[in-house]
């Protein structure tokens, strides 16, 4: 609150007559303005379409004859005043298409008199006409600090204790710190609502509550569209191989989740490789390993037929990801969204420019995981060091990793892994990608069920023999990709 009052005071001292405050917390804005008005001995008024213009505190009384619920009448009344009062208009945005209203705002904003009134426009979203933009100052409320968020959680826990015969809310320090981190980017009121929802059902804040919190935060920030919240982040135990990638992530987990004041924070990685080799599953597993929400950016949903809307969609999506920090942002098959197309009138290049600027300048803790099947289609400026930390290549799994993949998929289908000859299956599946091995297991389960038999090695071997892996069907293209990556990327396994 002190910072908000200080920032508002600086704007008033600069004698800007038109101030825009975009916020969902109208009551908090009014409280800050009222506190400043009292400190400076200023008269202040509020306007909304229901109650019209009302005086708050001391100051000149309003003439009751005027219909001050009409915004144009209210603004005309303000324009004629000769006192340095504050006029706060709440939710004026539906009326900003009126040319007369725009002119009234412009006249108030350009008033050079020392005793001219100051107009503050408060709304959750407000776009000024072009002729007003350079005349207005914009203020954003400060986001709650970690200390404030922790205090809100303690307050809600104390309230729950009072209502439940002194029972204490159960939690632990690690979970509490994660909750505080995941509450960043929401308002004070939203943080209180989310904390209350975590506690109210069972009087506990546990690790199981974190996905619920992330989904609720995503809904509050209204991110549906090109950005989606992935409900189920995989565990790295469900990802076969990728040992070097797993070590790399483990070494950087603390630096990302608890960055030092002047330290570097990991930015992201590109996972390139053969189709079906587990890149998308690995991207999901990063969020699962670090206990962070996973957001997926759909490049296909970005595109809009109107000029400029596609780039705006991307900027909005990236801003939303920033608001969800700390989080993992996953862009799947990124080369399909950034590939050159002579028919797109330069949209792909402008999208690339927007993305590169965000990658280079962002200060939020958003870890980017991009996956690509054909890395050779990507522009070189995207994958240079500094924008991404590392380029990993996910190759076809070797025999050891194929055994792990069989173990994972057999176990996930509640089959007794010890009954199967994993070395034999690994040898028979040479050249298979992880996704192809999974489908062979699925096929074997279907076949055994149809014959009313238990799944055996023979079912799996038959399914493998009936499958032509991509490494055979697209042998030349796959080999070219592997040759390209040999000296250019870090092997993920």
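The values are calculated or read from the model by the stated rules, or taken from the named source; none is laboratory data. Just so you know, these numbers come straight off a predicted model, no measurement behind them. All Cβ positions, even for glycine, are placed from backbone atoms using ideal geometry, and neighbour counts span all protein chains on display.
Table for the structure above
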item: Filtered residues of the range 105-131 (kept if assigned to a helix (DSSP H, G or I) and either within 22 Å of residue 56 (Cβ to Cβ) or not assigned by TED's automatic domain parsing to the domain that holds residue 28 (or both)); result: 105, 108
item: Filter result for residue 266 (farther than 30 Å from residue 477 by Cα and modelled with pLDDT of 80 or more); result: yes
item: Selection count, the range 132-159, where residues are within 30 Å of residue 101 (Cα to Cα), in a helix (DSSP H, G or I) and either touching a helix residue (DSSP H, G or I) at 6+ places or on another chain (Cβ under 8 Å) or outside the structural domain of residue 119 (by TED's automatic domain parsing) (or both); result: 1
item: Subset of the range 418-435 [in contact with a helix residue (DSSP H, G or I) (Cβ under 8 Å, 6 or more places away or on another chain) and under 21 Å from residue 278 (Cα atoms)]; result: 422, 423, 425, 426, 427, 428, 429, 430, 431, 432, 433, 434
item: Entirely in the range 6-58, the strands (runs of 3 or more DSSP E) that have 2 or more residues that are touching a helix residue (DSSP H, G or I) at 6+ places or on another chain (Cβ under 6 Å) and assigned by TED's automatic domain parsing to the domain that holds residue 114; result: 18-22, 44-48
item: Every residue from the range 408-422 that is in contact (Cβ under 8 Å) with a residue 60 or more places away in the chain and crowded, with 18+ Cβ neighbours inside 10 Å; result: 408
item: Qualifying residue in the range 310-333 (condition: part of a helix (DSSP H, G or I), in contact with a helix residue (DSSP H, G or I) (Cβ under 8 Å, 6 or more places away or on another chain) and within 22 Å of residue 385 (Cα to Cα)); result: yes
item: Search result, residues across the range 221-250 that are modelled with pLDDT of 75 or more and assigned to a helix (DSSP H, G or I); result: 243, 244, 245, 246, 247, 248, 249, 250
item: Top-ranked residue in the range 82-98 [being touching a helix residue (DSSP H, G or I) at 6+ places or on another chain (Cβ under 8 Å) and under 21 Å from residue 44 (Cα atoms); ranked as surrounded by the fewest Cβ atoms within 10 Å (Cβ to Cβ)]; result: 90
item: Given (1) over 33 Å from the mean Cα position of the chain (by Cα); (2) free of Cβ contacts under 8 Å to residues at least 60 places away in the same chain, index of the condition residue 439 fails; result: (1)
item: Flag for residue 101 being at pLDDT 90 or above, touching a strand residue (DSSP E or B) at 6+ places or on another chain (Cβ under 9 Å) and surrounded by 15 or more Cβ atoms within 10 Å (Cβ to Cβ); result: no
item: Set 128, 119: member being closer than 20 Å to residue 21 by Cα, at pLDDT 85 or above and more than 27 Å from the chain's Cα centre (by Cα); result: 119
item: Selected residue [more than 19 Å from residue 276 (Cβ to Cβ) and either part of a loop (DSSP other than H, G, I, E, B) or in contact with a helix residue (DSSP H, G or I) (Cβ under 6 Å, 6 or more places away or on another chain) (or both)] from 453, 438; result: 453
item: So residue 76, is it at pLDDT below 85, within 21 Å of residue 128 (Cα to Cα) and surrounded by 15 or more Cβ atoms within 10 Å (Cβ to Cβ); result: no
item: Failed criterion for residue 416 (all others in (1) assigned by TED's automatic domain parsing to the domain that holds residue 293; (2) over 19 Å from residue 227 (Cβ atoms) hold); result: (1)
item: Every residue from the range 251-280 that is in a helix (DSSP H, G or I) and within 13 Å of residue 492 (Cα to Cα); result: 279
item: Residue check for residue 281: touching a strand residue (DSSP E or B) at 6+ places or on another chain (Cβ under 8 Å), in the same structural domain as residue 384 (by TED's automatic domain parsing) and either surrounded by 24 or more Cβ atoms within 10 Å (Cβ to Cβ) or under 23 Å from residue 372 (Cα atoms) (or both); result: no
item: Tally of residues being closer than 14 Å to residue 277 by Cα and either out of contact with any helix residue (DSSP H, G or I) (no Cβ under 9 Å at 6 or more places or on another chain) or part of a strand (DSSP E or B) (or both) across the range 372-399; result: 4
item: Enumeration of residues in the range 160-176 that are in a helix (DSSP H, G or I) and either exposed (fewer than 12 other Cβ atoms within 10 Å of the Cβ) or touching a residue at least 24 places away in the same chain (Cβ under 8 Å) (or both); result: 160, 162, 163, 173, 174, 175, 176
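The rows are residues; the columns are (1) farther than 25 Å from residue 244 by Cβ; (2) in the same structural domain as residue 243 (by TED's automatic domain parsing); (3) surrounded by 18 or more Cβ atoms within 10 Å (Cβ to Cβ).
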position	(1), (2), (3)
351	yes, yes, yes
374	no, yes, no
380	no, yes, no
403	no, no, yes
426	no, no, yes
434	no, no, yes
439	yes, no, no
443	yes, no, no
447	yes, no, no
